[in-house]
Amino acid sequence: MATYHIETYGCSSNRGESREIERALRDGGHRPADGPEDADVAILNTCTVVEKTERNMLRRAEELAETTADLVVTGCMALAQGELFAEADVDAEILHWDEVPSYVLNGECPTVTPDAEPVLDGVIGILPIARGCMSNCSYCITKFATGRVDSPPVEENVEKARALVHAGAKEIRVTGQDTGVYGWDEGERKLPELLDRICDIEGDFRVRLGMANPGGIHGIHEELAEVFAANEELYDFVHAPVQSGSDDVLADMRRQHRVEKFREVVETLDDRLGHWTLSTDFIVGFPTEDDEDHELSMDLLAEVRPEKINVTRFSKRPGTDAADMKGLGGTIKKERSKAMSELKMEVVGEAYESMVGERFDVLVVEEGTGDSVKCRDGAYRQIIVQHADERGAEVGDFLTVKVTGHNTVYAFGEPVTTGETAGSDSAEIDSSKTDTAERDPVEGDSVERDDRPESTASSA
């Protein structure tokens with residue numbers, strides 16, 4: 001588990017990105033530090049509106065690099081002028097904002113602390129169902145903090161979920177280091193039963209299953225597919241991090257699965273579910289990964305075509321076995337990461353393009369930036385509704401929307417009138433009139449940026 005410190009400069013878009021980063025880190029079990037001097041990683045979300053701002057960003061980056069062990073720089077200046085940080089001899093990782101959480105997580109399991117309790121964040125309820133895992137991955141440091149899986153009884157977790165629903169939760173996120181092994185410490189595979197029981201709770205809500213390693217989920221994947229198919233409350237979404245398309249690398253990582261098990265999980269869900277989302281992770285540049293191994297990973301990504309993909313460049317964690325391996329050069333890792341990220345954008349963009357012109361039932365889960373809201377369809381794909389106020393779309397609402405366009409990693413939608421139905425068979429739309437604008441899901445391009453060097457340090 002890492003502690004983090006976030007500083008945000010600039011416009012509302014940057015602040016929204018920092019909120020997304022922090023939510024992902026919290027979901028992964030990481031916790032905010034009291035300040036940069038206490039953080040394992042500092043994250044600087046930058047602005048670059050004028051030259052004075054650039055100087056302020058460089059100065060602050062230098063200060064943070066001296067204060068913390070690991071510095072990540074993201075935001076406008078990082079993307080437009082990232083070379084300036086290297087020229088100033090600032091030791092930092094330059095990343096796009098949506099790469100930051102996977103960099104911090106480093107392919108490790110999310111960590112649930114012993115005192116973790118359900119949290120209600122707006123209409124999103126976070127429900128940790130267990131602590132620990134059954135894996136012994138050679139690159140993961142969190143196992144030292146958490147040990148083997150410790151699963152509370154099903155009834156205890158169901159009561160916690162019920163309390164979240166009664167408190168106003170519309171989306172329950174079932175989390176854990178590896179949700180697929182819930183119950184293994186007692187010799188039982190209890191995840192399907194738990195999800196069934198949560199979905200039986202009275203109320204209008206949705207349930208998202210958190211990360212489940214392929215090795216753990218494989219033993220219950222057929223039963224789990226039945227649970228998904230039987231419960232409309234359950235998002236048809238599975239996060240199963242494969243990490244590599246090479247069995248040799250998976251063996252060196254000490255992962256508890258091989259590629260064929262991962263394929264079997266995907267194929268079973270493909271057979272049982274229609275519109276569903278596969279989320280997976282790849283680590284590029286593991287010390288024993290050669291060119292052929294990398295190509296196997298690229299081939300697997302192109303074959304299974306996940307709708308959500310986290311690409312992480314390998315970095316050593318102290319005390320792990322992988323830290324003692326002779327690493328690959330930074331250039332090799334960067335080139336492989338770039339190639340996979342480009343393929344990722346192609347695959348994900350194709351998935352969202354296929355949604356254009358269709359209608360979907362969605363839940364409005366949170367406010368966006370500007371006058372927009374973020375929604376999730378039944379497969380947990382993100383759909384942005386703009387001009388939310390005038391369209392009467394509020395957080396917690398269930399809507400039917402028509403997808404009018406996309407921006408590679410999310411779609412744009414408009415609420416449909418009463419009586420129109422959701423689903424692919426109901427859409428007869430002139431494709432020439434669909435909105436495929438490649439822009440932010442906000443009305444904020446002209447928003448004034450704050451170039452003052454006043455940081456907003458995020459906290460949970």
(request) Please express the Cα-Cα pair-distance distribution P(r) of the chain as a list of whole percents, one per 20 Å bin, running from 0 to the bin with the greatest distance. (result) 24, 60, 16, 0
(message) Quick one: 3J(HN,Hα) in Hz for the stretch 368-379, Karplus 6.51/-1.76/1.60 with θ = phi - 60°, rounded, Gly and Pro as x.
(response) x, 9, x, 9, 9, 10, 9, 10, 10, 8, x, 9
(request) Could you check what % of the DSSP bridge pairs in the chain are antiparallel, to the nearest 5? (result) 40 percent
(message) If packing is taken as the average count of other Cβ atoms within 10 Å, what order do 236-246, 20-30 fall into, highest mean first?
(response) 236-246, 20-30
(message) Please report the accessible area of Val265 (heavy atoms, 1.4 Å probe, ligands and nucleic acids excluded) in Å², nearest 10.
(response) 10 Å²
(message) Quick check for you: with a 1.4 Å probe and neighbouring chains kept, what is the accessible area per residue of the stretch 113-254, in Å²?
(response) 36 Å²
(message) Using a 7 Å offset from the Cα along the Cα-to-Cβ direction at both Glu159 and Asp121, what is the distance between the two label points in nm, to one decimal?
(response) 2.6 nm
(request) Counting helices only, and only those DSSP H runs with n ≥ 4, report the 222 nm mean residue ellipticity of the chain as the sum of -39,500 (n - 2.57) divided by its residues, in deg cm²/dmol to the nearest 500. (result) -10000 deg cm²/dmol
(request) Please report how far the C-alpha centroid of the stretch 327-347 lies from that of the stretch 376-392, rounded to the nearest whole angstrom. (result) 32 Å
(request) Quick one: check the C-alpha center-to-center distance for the stretch 58-75 versus the stretch 150-220, whole angstrom. (result) 38 Å
(message) Leaving out ligands, DNA and RNA, and with a 1.4 Å probe, what % of the accessible surface on the chain is carbon or sulfur?
(response) 43 percent
(message) Considering all alpha-carbon pairs of the stretch 295-359, what whole percent are spaced by more than 14 angstrom?
(response) 66 percent
(message) Beyond a 22 Å Cα-Cα separation, which of these cross-linked pairs lie in this structure: Lys334/Lys374; Lys261/Lys333; Lys190/Lys261?
(response) Lys334/Lys374; Lys261/Lys333
(request) For the chain, build the charge dipole from Cβ charges (+1 Lys, Arg; -1 Asp, Glu) around the Cα centre, then report which of Val347, Val100, Ala388 sits farthest towards its positive end. (result) Val100
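The values are calculated or read from the model by the stated rules, or taken from the named source; none is laboratory data. Here the structure is a predicted model, which is why all the values come from computation and not from measurement. Note that each Cβ is placed from the backbone with ideal geometry, even for glycine, and that neighbours are counted across all protein chains shown. What goes into the accessible areas is simple: the full protein's heavy atoms, side chains included, and nothing from ligands, DNA or RNA. Shrake-Rupley method; radii C 1.70, N 1.55, O 1.52, S 1.80 Å.
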